[in-house]
1. Quick one: how many residues across region 221-257 are of a type outside the set (Lys, Arg), more than 20 Å from residue 139 (Cβ to Cβ) and open to solvent by less than 60 Å² (accessible area, probe 1.4 Å)?
2. Return the residues of region 188-203 that are polar (S, T, N, Q) and open to solvent by less than 20 Å² (accessible area, probe 1.4 Å); say none if nothing qualifies.
3. Could you check region 344-394 and list, in sequence order, the residues that are of a type in the set (Gly, Ala, Ser), open to solvent by 40 Å² or more (accessible area, probe 1.4 Å) and in a helix (DSSP H, G or I)?
4. Do you know which residues across region 258-269 are open to solvent by 10 Å² or more (accessible area, probe 1.4 Å) and either without any contact (Cβ under 8 Å) to a residue 12 or more places away in the chain or not in a helix (DSSP H, G or I) (or both)?
5. Can you give me the ranges of the helices (runs of 4 or more DSSP H) entirely in region 270-343 with at least 1 residues that are among the β-branched types (Val, Ile, Thr) and open to solvent by less than 10 Å² (accessible area, probe 1.4 Å)?
6. Can you pull out the residues in region 204-220 that are open to solvent by 10 Å² or more (accessible area, probe 1.4 Å) and of a type in the set (D, E, K, R)?
7. Since residue 191 meets every condition but one in (1) in a helix (DSSP H, G or I); (2) under 24 Å from residue 239 (Cβ atoms); (3) charged (D, E, K, R), which condition does it not meet?
Amino acid sequence: MFTKIMKRGNRKGPKSEAAEPAAAAAVPGSNVTVNHASRTAVPSSGAAAGAHHLPTSPAGAAPQIESLPLFRDVPVAERQALFLRKLQICAMIFDFSDTLKSAREKEMKRQTLSELVDVVQSSSIRLGESVQDELVRTVAVNIFRCLPPASHENTGSEVTDPEEEDPYLDPAWPHLQLLYELLLRYVISSDTDTKVAKRYIDHSFVLHILDLFESEDPREREYLKTILHRIYGKFMVHRPFIRKAINNIFYRFIFETERHSGIGELLEILGSIINGFALPMKEEHKLFLVRALIPLHKPKPVGMYHQQLSYCIVQFVEKDYKLADTIIRGLLKYWPVTNCQKEVLFLGELEEVLEATQPAEFQRCMVPLFKQISHCLSSSHFQVAERALFLWNNDHIVSLIAQNRSVIFPIIFEALEKNMQGHWNQAVHGLTANVRKMFLDMDSELFEACQLQYVEKEENAKSLEDRRESAWRRLEAIAEAKAAGEDMVVAN
């Protein structure tokens, strides 16, 4: 508990405007080189020239917010100008590490943000291009920030399992939530023209949104997921770029860091994207499956995002059944050796894939597949053995096995017999008996042939063991006789 408290104590909150004036003036429309090796999500300060209108305050002083009227209290013709002035207020950045500091100004900004959200949602004001530009700039100034270091990045902290870490909740969330809501309402608004909006929500903006998926605050990642999904749906021009950028995040996670908070959310977006792929499937999408999705089974924290990953994998099989062989062989390639909980997850995913697999694809991979299943059946970890035996509860899988029983029975028969003879878990023993009976009812002649082969193999193994022990006894006798002879020579 003390270690966790110390970890949280080392976190740094967002810096105030007084401390980082350049960050407050940054905008997403500039030429930005994104460094994926850092957790910085702040746009380049080279765009500060475009934000000259932002209010300023003396160094070290709290930003001053002027009181502005409500939209309903001003004529319609003046509402665009009022909207811009309110956006300038919302561009002010506050330090949330001290809850008492600038409390009045923070509340005024929150109320202003809430009013802007209502206006955009109700479409009561037609937003001109300059207003849209300022809206996106204001959102960028606030949300594109340096994320606090993750607990495993703190100097001197021990490396912990990501699944055991407590989520970090950003103290600035009361403002951030409204900013994300404002951006979301702008993106999904029927009044938002993509031809105009794409000038402001450009590739640089999308990259910064993707960088924010490393946030440890689950509330923020949930908003980011929704917003990115909406951007993908509305801005067709950005779709290839978004897919490629997500690919790059996956590559770095798989082959370098194995640390990223937002893999599950990104996979949720991809699950919906895959569902919309047109047929025949593009080669680009198949390469994404082979190079990114299947290798995502490799990292140790796969349990954190396995449900979303499994859904994406199954979507590919349902879209193109010919990919089943590729996917099953990919699962076998990354099959866990010592992690039993991970093995249970793989078996669950395997069942879903097999359920969508056609007989021709099943025949291509059934030999290596059932060799692995045989290892699982004889596992001493009862959950692994039990989950493998549950495969026979699926009618489609049973029908595939029945069609190829002459190949599959001999592979798994030995594992079933050993379970019957000596598995320690009673539930596994009972399930094995059911599967064994199913085989007997399915093809009694093949069952008897496998049984004879198994008995013969056991007898040969026992005979070999007897010969080995006999040879060792002869060697021991010869060694003892030689030692006794040497002792007699020494005695004489």
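The values are calculated or read from the model by the stated rules, or taken from the named source; none is laboratory data. No experiment lies behind these values; they were computed from the predicted model shown. Virtual Cβ from ideal backbone geometry, glycine too; neighbours counted across all protein chains shown. Accessible surface areas use protein heavy atoms only, side chains included; no ligands, DNA or RNA. Shrake-Rupley method; radii C 1.70, N 1.55, O 1.52, S 1.80 Å.
1. 7
2. Taking region 188-203 and keeping what is polar (S, T, N, Q), we get 189-190, 192, 194.
Within region 188-203, 189, 192 meet the criteria.
3. Going through region 344-394, the residues of a type in the set (Gly, Ala, Ser) turn out to be 348, 356, 360, 374, 378-380, 385, 388.
From the residues that got through so far, the ones that are open to solvent by 40 Å² or more (accessible area, probe 1.4 Å) too are 360, 378, 380.
Selection gives 360 alone.
4. Residues satisfying the conditions are 258, 259, 260, 261.
5. Numbers: elements: 283-288, 306-319, 324-333.
Of the helices (runs of 4 or more DSSP H) lying wholly inside region 270-343, those with at least 1 residues that are among the β-branched types (Val, Ile, Thr) and open to solvent by less than 10 Å² (accessible area, probe 1.4 Å) span 306-319, 324-333.
6. Step one: of region 204-220, the residues open to solvent by 10 Å² or more (accessible area, probe 1.4 Å) are 204, 207, 211, 214, 216, 218-219.
Once the filter is applied, which keeps residues that are open to solvent by 10 Å² or more (accessible area, probe 1.4 Å) and of a type in the set (D, E, K, R), region 204-220 yields 211, 214, 216, 219.
7. Result: residue 191 fails condition (1) only.
Each row is one residue, and each column tells you yes or no for (1) of a type outside the set (Ser, Thr, Tyr); (2) within 27 Å of residue 318 (Cβ to Cβ); (3) touching a helix residue (DSSP H, G or I) at 6+ places or on another chain (Cβ under 7 Å); (4) modelled with pLDDT of 95 or more.
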position	(1), (2), (3), (4)
353	yes, yes, yes, yes
362	yes, yes, yes, yes
368	yes, yes, yes, yes
372	yes, yes, yes, yes
397	yes, yes, yes, yes
417	yes, no, yes, no
420	yes, no, yes, no
423	yes, no, yes, no
434	yes, no, no, yes
